[in-house]
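Notes for the one structure printed next.
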Amino acid sequence: MPPNFQSYLLRTVDATVANNDKKAIAYEKFPGIILVSAILPAYLEGWTNTKIERIGEIKQPQTIMDNSFGAFLIDRFEWINNQSPAARMPDERAFKSLQKNPDRVWNSDSLNIYLIEAKRERDKIKRTLHPAVQALIATVESMPDKRACRIKPGCAKNTIEVY
């Protein structure tokens with residue numbers, strides 16, 4: 001899975017019309033929701049229980065066994081991801097809002113997704129490290145509540161206080 005792909009799926013709004021020589025679709029993506037409308041052909045092969053019924057009911061489970069849609073989704077993500085980062089930078093109002101209510105940030109889906117993406121990138125880097133370094137990292141990561149551990153000032157070497 002490409003870096004930031006989960007963030008794209010769960011936090012971004014996107015829409016386009018996509019086509020190849022065999023099909024055309026209207027694609028709409030909201031945070032955590034993808035809507036696809038078949039233009040040509042009227043029925044998409046490999047899509048099971050994905051139709052929203054007239055009464056608004058959605059069947060479970062849904063499956064999409066359509067490699068061309070998966071390729072489209074990755075291509076679309078990469079195109080979006082390569083756009084100017086200035087368009088994605090939070091503005092000053094967002095930072096002020098975060099400062100007013102930090103608990104909202106700590107409990108947000110956005111932070112959770114960011115942490116998942118960051119962990120995926122760290123894990124990719126860790127796989128390239130020497131096994132001894134990997135073992136050291138594993139030891140540190142297995143410590144209880146790493147965010148609350150620090151070396152206690154003025155204490156014997158290797159003393160760790162959990163607060």
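Coordinate-derived values only; no laboratory data. Predicted, not measured: the structure shown is a model, and the values here were computed from it. Here Cβ is always computed from backbone atoms with ideal geometry, including for glycine, and neighbour counts include all displayed protein chains.
If R₀ is 35 angstrom, what is the calculated FRET efficiency for the pair ARG104 and ASP75, using the beta carbon separation as r and rounding to 0.05?
Given R0 = 35 Å and the Cβ-Cβ separation, E is 0.55.
Counting other beta carbons within 10 Å of each Cβ, put GLU78, GLU53 in order, fewest first. Display every interim value, and only then the final one.
Working: GLU78 12, GLU53 8.
With the sparsest Cβ surroundings first, the list reads GLU53, GLU78.
Taking the Cβ of LYS119 as the center, what net charge do the other residues with Cβ under 12 Å away carry, scoring Lys and Arg +1 and Asp and Glu -1?
Spelling it out: positives minus negatives among the neighbours equals 0.
Once fully extended, how much extra length lies between VAL13 and THR63, figured as 0.36 nm per residue of separation less the alpha-carbon to alpha-carbon distance?
Going from the current span to full extension adds 15.8 nm.
Please list the radius of gyration and Dmax for the stretch 5-88, considering alpha-carbon atoms only, with Å as the unit.
In Å, with Rg to one decimal and Dmax whole: 13.7, 42.
For the residue pair LYS124 and ALA42, what label-to-label distance in nm results when each label sits 7 Å from Cα along the Cα-to-beta-carbon direction?
Simple spin-label model gives 4.3 nm for this pair.
Full extension from LEU35 to TYR114: what is 0.36 nm times the residue separation minus their Cα-Cα distance, to one decimal in nm?
Full extension from LEU35 to TYR114 adds 26.0 nm.
Given Cβ point charges of +1 (Lys, Arg) and -1 (Asp, Glu) and nothing else, what value in debye, to the nearest 20, does the dipole of the stretch 5-88 about its Cα centre take?
So the dipole magnitude of the stretch 5-88 works out to roughly 160 debye.
For ILE39, list long-range residues whose amide hydrogen, built 1.01 Å from N in the peptide plane, is under 5 Å from its own amide hydrogen.
Distant-sequence amide H within range of ILE39: ALA24, ILE25, ALA26.
Which order results if ILE55, ILE74, ILE25 are arranged by neighbouring Cβ count within 10 Å, fewest first?
ILE55, ILE74, ILE25
Return the sequence-ordered ³J(HN,Hα) values of the stretch 121-131 in whole Hz as given by the Karplus equation 6.51 cos²θ - 1.76 cosθ + 1.60 applied to θ = phi - 60°, using x for Gly and Pro.
My calculation for the stretch 121-131 gives 5, 4, 4, 5, 5, 4, 5, 8, 7, 4, x Hz in order.
Kindly flag which residue pairs out of LYS59/LYS126; LYS29/LYS124; LYS96/LYS126; LYS29/LYS96; LYS29/LYS126; LYS96/LYS119 have an alpha-carbon separation exceeding 31 Å in this structure.
Where the Cα-Cα span goes over 31 Å, the pairs concerned are LYS59/LYS126; LYS96/LYS126; LYS29/LYS126.
Apply the Karplus curve 6.51 cos²θ - 1.76 cosθ + 1.60, θ = phi - 60°, to the phi angles in the stretch 22-32 and return the couplings in whole Hz, x for Gly and Pro.
Once rounded to whole Hz, the list reads 10, 8, 9, 9, 9, 10, 10, 10, 10, x, x.
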